[in-house]
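Engineer: Starting off with a structure, shown below.
The values are calculated or read from the model by the stated rules, or taken from the named source; none is laboratory data. Quantities reported herein were computed from a predicted structural model and do not represent experimental measurements. Here the Cβ positions follow ideal geometry from the backbone for every residue, glycine too, while neighbour counts run over all protein chains shown. Ligands, DNA and RNA are stripped out before the accessible areas are found, and what is left, the full protein with its side chains, is counted by its heavy atoms. Shrake-Rupley method; radii C 1.70, N 1.55, O 1.52, S 1.80 Å.
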Amino acid sequence: MAQVRLVEVGPRDGLQNEKAVVIPLAAKVEFIEALAAAGLREIEAGAFVHPAKVPQMADSDAVFETMKRRAGVVYSALVPNEAGLERALRARADKVAVFTAASETFNRKNINAGIQESLDRFKPVVARAAEAKLPVRGYVSTAFWCPYEGKVAPNQAVDVCLRLRDLGVRELSVGDTIGKASPNDVRALLEPLLKRVEAADVFLHFHDTYGMAVANALTAYSEFDITGFDASAGGLGGCPYAPGASGNVATEDLLYALKAEGAEVPAEPLEVARAAAALERHLGRPLASRLSCMARA
Ligand code: HMG
Ligand code: MG
């Protein structure tokens, strides 16, 4: 039975786009601890980015300091540059993630750098992380569609993946940042990508704007043997620099679908939905996942 490797990105990708309210530190910590208690084994707990750019992540240092860590759980963080890595090292993150994109315009808006410039910035980050024995993942945003440039050619996304691998980044997270991809887009990218990179090194990161994320993940799982997925409990999320992007695929909905497909999943879907439920009172709205109504019952 294939084992799903789920990277829970709710505390980072999920919360970063919540601009209307500042989620209190204690609620973030409670959320992360509940996700680990539900059985999730890798949690992206924060981002060491410029605090003015993503205010909801400004307290990531305090989140790492405060949360109780469970043995066997990897607590990772997003880092855009060496300053971010320094913060991640001080916070004792178990793993870091650098992030670039397959389209120039998105990358400039997101991290104020072109693709090559961002890769140049990552070089010392990856080297320093290796010295500190920290695993590094590399995100490739807008791998299917860009909010500014439209459809992204698969070979353009593959090229950025390979350039990250040349830097020594083994694990790739390939992102449908604006949630616009459909199964045919997934096939068109995975066919050339998996000729160059093993399926075990590829995670797919689907947002769910058009409601296609579960279909996309099932396509990748059943046709291409992809078992690595990113998701956000409750379907929280989005990217503040991607207009129109809605939340990530909900972890509980994705786990339900993969389990129904015969995969072994790391957590019970309803347990994950319950882990996110406490956030509703801070957000002032119901969570977007399909299973969240059952968690409330
Ligand atoms: P910049 O302005 O070009 O940076 O921003 P800089 O190096 O010129 O520095 C400017 C100021 O920022 C300086 O402070 C630095 O110290 C400070 P000042 O001297 O003006 O007081 N600074 C920092 N402070 C704290 N932590 C740091 C840091 N770095 C510099 N790490 C930068 C470049 C990348 C920093 C900025 O653009 C940034 O932080 N962007 C963050 C964007 C972001 O977080 N986007 C959302 C995450 S990506 C995403 O959601 C997509 C993903 O989910 C996958 C998908 O869905 O596709 C991953
Ligand atoms: Mg994202």
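Engineer: Heavy atoms of the protein only, probe of 1.4 Å, neighbouring chains included. What is the accessible area of HIS50 in Å², nearest 10?
Structural biologist: 110
Engineer: Divide by every residue of the chain the summed helix terms, -39500 (n - 2.57) for each DSSP H run of at least 4, and state the resulting mean residue ellipticity at 222 nm, rounded to the nearest 500 deg cm²/dmol. Display every interim value, and only then the final one.
Structural biologist: On the way: 12 runs with 121 residues, N = 297.
When only DSSP H runs of four or more count, the value is -12000 deg cm²/dmol.
Engineer: For segment 5-296, take the convex hull of the Cα atoms, compute a quarter of its surface area, and give me that in nm², please.
Structural biologist: Numbers: hull surface 51.6 nm².
In nm², the orientation-averaged hull projection of segment 5-296 is 12.9.
Engineer: Any idea how far apart ALA200 and ARG92 come out in nm if each label point goes 7 Å out from Cα toward Cβ?
Structural biologist: Once both label points are built, they end up 3.0 nm from each other.
Engineer: Each residue of segment 191-197 in turn: what ³J(HN,Hα) in whole Hz from Karplus with 6.51, -1.76, 1.60 and θ = phi - 60°, glycine and Pro shown as x?
Structural biologist: Running phi through 6.51 cos²θ - 1.76 cosθ + 1.60 with θ = phi - 60° gives 4, x, 5, 6, 6, 10, 10 Hz.
Engineer: Now a separate question. On a 1.4 Å probe surface of the protein chains, which of LYS95, LYS109, LYS195 comes out largest in accessible area, and what is the full order? Don't skip to the answer; put the middle values down first.
Structural biologist: Numbers: LYS95 15, LYS109 95, LYS195 165 Å².
Largest accessible area first, the residues go LYS195, LYS109, LYS95.
Engineer: Now a separate question. For ALA153 and GLN116, what does the FRET efficiency come to when R0 = 22 Å and r is the distance between their Cβ atoms, rounded to the nearest 0.05?
Structural biologist: On the way: r = 17 Å, r/R0 = 0.79.
It comes out at approximately 0.80.
Engineer: Next question, about the same structure. For the chain, what is the percent of antiparallel DSSP beta bridges, rounded to the nearest 5?
Structural biologist: Numbers: 3 of 37 bridges.
Within the chain, antiparallel bridges account for around 10 percent of the total.
Engineer: Moving on to the next point. Which whole-number value in Å² is the accessible area per residue of the chain, probe 1.4 Å?
Structural biologist: Details: 11790 Å² over 297 residues.
Normalised by residue count, the accessible surface of the chain is 40 Å².
Engineer: Now for a separate question. What is the spin-label model distance, in nm, from LEU162 to GLU82 if the labels are put 7 Å beyond Cα along the C-beta direction?
Structural biologist: In this crude spin-label approximation the distance works out to 3.0 nm.
Engineer: I've got another one for you. A 29 angstrom limit on the alpha carbon distance is what I want to check against. Which of LYS151/LYS195; LYS19/LYS259; LYS28/LYS151; LYS19/LYS109; LYS19/LYS195 exceed it? Don't skip to the end; give the middle numbers.
Structural biologist: Numbers: LYS151/LYS195 22 Å; LYS19/LYS259 33 Å; LYS28/LYS151 35 Å; LYS19/LYS109 18 Å; LYS19/LYS195 40 Å.
Going by Cα-Cα distance, LYS19/LYS259; LYS28/LYS151; LYS19/LYS195 fall outside the 29 Å limit.
Engineer: In nm, what is the difference between 0.36 nm times the number of residues separating GLU264 and ALA127 and their Cα-Cα distance?
Structural biologist: 45.9 nm
Engineer: May I ask you to give the average projected area over all directions of the convex hull of the Cα atoms of segment 57-156, in nm² rounded to one decimal? Don't skip to the end; give the middle numbers.
Structural biologist: Working: hull surface 28.9 nm².
Across all orientations, segment 57-156 yields a mean hull projection of 7.2 nm².
Engineer: What residues of segment 58-99 lie in the reach of a label at MET1, counting those whose backbone N is under 19 Å from a point 7 Å from the Cα along Cα→Cβ?
Structural biologist: Taking a point 7 Å out along Cα→Cβ of MET1, no residue of segment 58-99 has its backbone N under 19 Å.
Engineer: Restricting everything to alpha-carbon atoms, can you work out Rg to Rh for segment 107-252 with a Kirkwood hydrodynamic radius? Please report the intermediate quantities before stating the final value.
Structural biologist: Details: Rg = 14.6 Å, Rh = 15.4 Å.
Expressed as Rg/Rh, it is 0.95.
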